[in-house]
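Novice: The structure under discussion is supplied below as structure tokens; questions concerning it will follow.
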Amino acid sequence: MTLAGVEALNVFGGTAYCDVAELATHRELDPKRFENLLMAQKSVVLPYEDPVTFAVNAAKPIVDALSPAERDRIEMLVTCTESGIDFGKSLSTYVHHYLGLNRNCRLFEVKNACYAGTAGFQTAINFVAAQSSPGAKALVIATDISRFMAVDVAEAQEAEWAYAEPSSGSGAVAMLIGENPVIFTPDRGAHGYYGYEVMDTCRPTPDSEMGDADLSLLSYLDCCEQAFGEYAKRVPQTNFRDTFDYLAFHTPFGGMVKGAHRTMMRRVARAKRDEIDADFERRVAPGLTYCRRVGNIMGGTVYLALAGTIDAADYRVPVRVGVFSYGSGCCSEFFSGVVNPGSREALGRMAIGTGLDQRYRLSMAEYDQILANSGQVRFGTRDAVLDVQAIVPRAVEVATAKGSLVLTRITAYHREYGFLNETLPAQGSRNP
Amino acid sequence: MDRHTIFDMVVKNVAEVVPDLAGHDFQLTDSLVELGVDSVERSEIVIMTLENMNLNIPAVQVFGPKNLGELADLLHAKALAL
């Protein structure tokens, strides 16, 4: 039987971030409630970044590590996003261009809120497992940004939704799917899915988000139990407490995962409080390692949790990870797979934590300024020129050091990008 | 099971999930949000009460109440409907 799984994985957690405790203080949010979010930092999208730049910056190290022959076997590129930049044109077309991939490649985009990454992932796994093109690889990139439009303080403090701002991040996770899954090997046939119509959170207009924290949380909990229940029906002898060495959950914020784990352990595993807390630290906390530094990156969040588990958990033998993916609206899936010490070694070469360390920390004044100016590149922008060098110059230094792709111009809706190590001309000082 | 019994169950679960509120004199008009109970804690209170009542329905079906009295009423109605 052909193996199908994750050959390589990388995370792009942005160029800049802000400290969420500082943001919470700045917004005058309740400090006790804020602590329960279990959040430390959130990545902030800059005006010259968009879902395309995030996707390319996540995938490029993976593609660069391939031989030309291997790269040419990428026959499917799926972008997974709820931050689309066009209703028709898939952002996978831009990503394909800037990664320099073979044109004999399927390009498409999937949307289903935060479940999109898993929809793309399972589609790619099935493509490889089905052997319709033996030896082919698929590149799946979950990429999302959150541009909070300038909100006045009263709006920012409004009830529960105010807590969405500190937890909403921007980021992309790229995964190369193929027959040599050194990073993560999904257990074939081991999945349970559960979905139904609910209006919990959504993006009803192109650049805004709205939702109800209570409804979304209840739906997440219902789905976790139902999707796991379906998994357990399909995989005999499954036990929530013992079958999985680690758990990687979709993480809107860490406190929500802690609550979901507690509820599952109490209801499904019949565990007591002390045991639940110790189990959380042992099996779940490693998955929060990167999530608490990037925020909720929607479609990629559950794979950010998986990356954290692979990098931070303490294992010396192959271990099984239970994965729970949830997307509002809603659809969810519980599945599992195996990682081993070689996975950690391979993922370590991407230096995800170092990439997060290198981000520029925004002051609150810079953060507010970015929000105020975010309309410059809002959905539907026909023409724009981004003066990259003028926007938070110290962040540009970070992006330049990484050779990141940035958005430079929009002309008749067509987006133009450039890698910063290609020495982009500064605005107003074009070469004679 | 009448609404007062359900209300008492809810109150017991609030005190268990948020020990700081154990001494509070709960009223039907109390709002968990105004008492500083966060969204994760609120969901746990709802789910624990459903368990206490042996009400096997999706938790999203008891979304919407704005205070403890409304929550008790909705849970009561759901129990009667089964």
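Novice: Under 25 Å between C-alpha atoms is the cut-off here; go through chain A and count lysine pairs that meet it, provided they're at least eight residues apart or on different chains.
Specialist: Within chain A, the lysine pair count is 17.
Novice: Continuing with this model, one more query. Net charge within 12 Å of A:Leu3 by Cβ-Cβ distance, Lys/Arg positive one each and Asp/Glu negative one each, not counting A:Leu3 itself?
Specialist: With Lys, Arg at +1 and Asp, Glu at -1, the neighbours total -2.
Novice: Another question, then. Which net charge results when you count Lys and Arg as +1 and Asp and Glu as -1 among the other residues whose beta-carbon is under 13 Å from that of A:Ala412? Before the final figure, lay out each step's value.
Specialist: Details: positive: A:Lys89, A:Arg382, A:Arg409, A:Arg415; negative: A:Asp86, A:Asp383, A:Glu416.
So the surrounding residues net to +1.
Novice: For chain A, build the charge dipole from Cβ charges (+1 Lys, Arg; -1 Asp, Glu) around the Cα centre, then report which of A:Leu347, A:Val20, A:Ala113 sits farthest towards its positive end.
Specialist: Positive-most Cα among the choices belongs to A:Leu347.
Novice: What relative contact order, as a whole-number percentage, does chain A give when Cα pairs under 8 Å and 6 or more residues apart are counted? Walk me through the numbers on the way to the answer.
Specialist: Working: 951 pairs, mean separation 100.1, N = 432.
With pairs under 8 Å counted, the relative contact order is 23 percent.
Novice: Can you give me the relative contact order of the stretch B:1-77 as a percent, contacts being Cα pairs under 8 Å and 6 or more apart?
Specialist: 45
Novice: What ranking do A:Tyr326, A:Tyr413 get, fewest neighbouring Cβ atoms within 10 angstrom at the top? Present the calculation step by step, with values, prior to reporting the outcome.
Specialist: Numbers: A:Tyr326 33, A:Tyr413 12.
Result, fewest neighbours first: A:Tyr413, A:Tyr326.
Novice: So how much slack lies between A:Asp242 and A:Thr93, counting 0.36 nm per residue of separation and subtracting their Cα-Cα distance, in nm?
Specialist: Between A:Asp242 and A:Thr93, full extension yields an extra 49.3 nm.
Novice: Further, regarding this structure: Under the rule a/c < 1.5 gives rounded, and otherwise a/b versus b/c splits prolate from oblate, where does chain A land using the Cα gyration tensor? Please list the in-between numbers first.
Specialist: Values: a/c = 1.71, a/b = 1.19, b/c = 1.44.
In terms of gyration-tensor shape, oblate.
Novice: Which of the three applies to the stretch A:213-311, rounded, prolate or oblate, going by the alpha-carbon gyration tensor with a ≥ b ≥ c and a/c under 1.5 meaning rounded?
Specialist: In terms of gyration-tensor shape, rounded.
Novice: Next question. Taking the number of other C-beta atoms within 10 Å as the exposure measure, put A:Ser216, A:Ser336 in order starting with the fewest. List each step's numbers first, then the result.
Specialist: Values: A:Ser216 28, A:Ser336 22.
Exposure proxy ranking, most exposed first: A:Ser336, A:Ser216.
Novice: Using Cα pairs closer than 8 Å and at least 6 residues apart in sequence, work out the relative contact order for the stretch A:280-432, in percent.
Specialist: Relative contact order of the stretch A:280-432: 14 percent.
Novice: I've got another one for you. In what sequence do A:Tyr303, A:Tyr194, A:Tyr315 fall when counting other Cβ within 10 Å, fewest first?
Specialist: Ordered by Cβ neighbours within 10 Å, fewest first: A:Tyr315, A:Tyr194, A:Tyr303.
Novice: Turning to a different aspect of this structure: Around A:Cys18, with a cut-off of 9 angstrom between Cβ atoms, what is the net charge of the other residues, counting Lys and Arg +1 and Asp and Glu -1?
Specialist: Numbers: positive: A:Lys42, A:Arg361; negative: A:Asp19, A:Glu22, A:Glu366.
My count for the surroundings of A:Cys18 gives -1.
Novice: Can I ask one more? Rounded, prolate or oblate: pick one for the stretch A:77-124, where a ≥ b ≥ c are the square roots of the eigenvalues of its C-alpha gyration tensor, a/c under 1.5 means rounded, and failing that, prolate if a/b is larger than b/c, else oblate. Mind dumping the intermediate values first?
Specialist: Numbers: a/c = 2.40, a/b = 1.38, b/c = 1.75.
The shape class here is oblate.
Novice: Roughly how many whole Å is it from the C-alpha centroid of the stretch A:279-343 to that of the stretch A:126-141?
Specialist: Here the two parts' Cα centres lie 23 Å apart.
Novice: Roughly speaking, what is the centre-to-centre gap between the stretch A:8-25 and the stretch B:23-82 when only Cα atoms are used, to the nearest Å?
Specialist: The stretch A:8-25 and the stretch B:23-82 have Cα centres spaced 35 Å from each other.
Novice: Pick from A:Asp368, A:Asp50, A:Asp274: which residue has the top mean-square fluctuation in a GNM of chain A where Cα pairs under 10 Å get a spring?
Specialist: Fluctuation is largest for A:Asp274.
Readers should treat all values here as calculations from the given coordinates under stated rules, not as data from a laboratory. Fair warning: this is a prediction, and the values are worked out from it, not measured in the lab. Because the Cβ atoms are built from the backbone with ideal geometry, glycine has one as well, and the counts that use them run over all protein chains shown.
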